[in-house]
Amino acid sequence: MKKIAVFCGSSLGFNEIYKNDAIKLGNHFVENSIGMVYGGGKIGMMGILADTIIQQNGEVIGVIPGLLRHEEVAHTEITEMIVTKTMSKRKVKISKLADGYIALPGGFGTLDEIFEALTLGQLGIESKPVGILNTNGFFNHLIKQLDVMVTEGYLKQSNKEMLIVSDSVDELCTLMLNYKAPEMTKIINKVVK
Ligand code: AMP
C-alpha cells in the first residue's frame with residue numbers, strides 16, 4: 001500500500017491516549033514509506049497526525065473542500081493540498097488517491113467517511129481494506145451496533161467482516177496489508193468496471 005486515507009477527529013478528544021496513537025500511526029507511515037491522504041486540516045487528531053509525518057519528511061496529501069479552506073483549519077505545511085468544489089467531490093478524490101482507509105477516533109465526519117468506504121466495498125465498487133484503530137476500545141459500542149445490524153438482518157456477516165479492527169497500529173497495518181476482498185465482491189467489481 002503506497003497511500004492510505006486516514007479519517008479522524010477534527011477535535012483532539014479528552015484523553016491523551018488517542019493523540020498518542022495518532023502519533024504512533026504517523027510514525028508507522030514514515031517508517032514504512034506510506035503516504036497519508038486526509039481531510040487537510042491542521043486541527044485535532046488530523047493536525048497531530050499530519051504534523052508527525054511532515055516533521056519526518058513523510059508524504060501528506062490534504063483534500064479539502066473550498067468552504068473549509070480558511071486559515072483556522074487548513075494545514076499549510078503539507079506536501080500537497082488539493083481543493084475540491086464540494087464535500088462529495090472530496091470523497092471521490094480521496095478514494096482515487098488511496099489504497100486503503102483507516103479511521104481513528106472522531107465524530108460525525110469520521111463515521112461518515114469510514115462508512116462510505118465500507119459501502120463502496122460492500123457494493124464491490126472498491127476492494128480496498130478498511131480498518132479502524134480501536135484505541136482504548138473507542139469503537140466497541142459501534143462494533144456492537146454492527147452486530148445488532150447482523151442479528152436483525154440488515155447487514156451480512158460477511159460484509160461486517162470486511163471491517164478490520166485492531167487496537168494496535170502494527171497489527172492493524174499488517175491486517176490491512178494482507179486483506180483480501182471477499183470473492184463475491186471481486187466478481188461484482190469486475191462487472192461494474
Ligand atoms: P469529525 O470526526 O466530525 O471531527 O470530522 C473529521 C473528519 O471530517 C475528517 O476526517 C475530515 O476529513 C473531515 N473534517 C471535519 N472537519 C474538518 C475541518 N475543519 N477541516 C478539514 N476536514 C474536516
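The values are calculated or read from the model by the stated rules, or taken from the named source; none is laboratory data. None of these values were measured; they are calculated from a predicted model. All Cβ positions, glycine included, derive from the backbone under ideal geometry; neighbour counts span all protein chains shown. We work out accessible area using only protein heavy atoms, side chains counted, and drop any ligands, DNA or RNA first. Shrake-Rupley method; radii C 1.70, N 1.55, O 1.52, S 1.80 Å.
A few remarks follow.
- Selection status of Lys42, away from the ligand (no atom under 16 Å from the Cβ) and open to solvent by 60 Å² or more (accessible area, probe 1.4 Å): no
- So Met1, is it within 13 Å of the ligand (Cβ to nearest atom) and either of a type outside the set (S, T, N, Q) or in contact with an Asp or Glu (Cβ under 7 Å, 6 or more places away or on another chain) (or both): no
- Positions within the stretch 28-39 being under 16 Å from the mean Cα position of the chain (by Cα) and either within 15 Å of the ligand (Cβ to nearest atom) or assigned to a helix (DSSP H, G or I) (or both), in sequence order: His28, Phe29, Met36, Val37, Tyr38, Gly39
- Counting only helices (runs of 4 or more DSSP H) that fall entirely inside the stretch 94-193 and contain at least 1 residues that are of a type in the set (Ser, Thr, Tyr) and open to solvent by 50 Å² or more (accessible area, probe 1.4 Å), the qualifying elements are 108-122, 140-151, 157-160, 169-177.
- Here Val73 fulfils each of the conditions (1) touching a residue at least 24 places away in the same chain (Cβ under 8 Å); (2) closer than 20 Å to Met1 by Cα apart from (2).
- If the condition is being within 25 Å of Tyr18 (Cα to Cα), of a type outside the set (A, V, I, L, M) and open to solvent by less than 80 Å² (accessible area, probe 1.4 Å), then the stretch 64-75 contributes only His75.
- None of Lys156, Lys160, Lys180 is at pLDDT below 95 and more than 16 Å from the ligand (Cβ to nearest atom) except Lys180.
- Residue count for the stretch 83-92 under the criterion of being surrounded by fewer than 18 Cβ atoms within 10 Å (Cβ to Cβ) and touching a residue at least 24 places away in the same chain (Cβ under 8 Å): the result is 1.
- Among the candidates Ile54, Ile61, residue that is at pLDDT 95 or above, more than 26 Å from Tyr179 (Cα to Cα), more than 10 Å from the ligand (Cβ to nearest atom) and open to solvent by less than 70 Å² (accessible area, probe 1.4 Å): Ile54
So that you can scan it fast, the table gives a plain yes or no per residue for (1) under 23 Å from Leu177 (Cα atoms); (2) open to solvent by less than 10 Å² (accessible area, probe 1.4 Å); (3) assigned to a loop (DSSP other than H, G, I, E, B); (4) more than 12 Å from the ligand (Cβ to nearest atom):
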{"position": "Ala5", "(1), (2), (3), (4)": "yes, yes, no, no"}
{"position": "Gly9", "(1), (2), (3), (4)": "no, yes, yes, no"}
{"position": "Gly13", "(1), (2), (3), (4)": "no, no, yes, no"}
{"position": "Asn20", "(1), (2), (3), (4)": "yes, no, no, yes"}
{"position": "Glu77", "(1), (2), (3), (4)": "no, no, yes, yes"}
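- On inspection, Ala5 qualifies as among the hydrophobic types (A, V, I, L, M, F, W, C) and in contact with a strand residue (DSSP E or B) (Cβ under 7 Å, 6 or more places away or on another chain).
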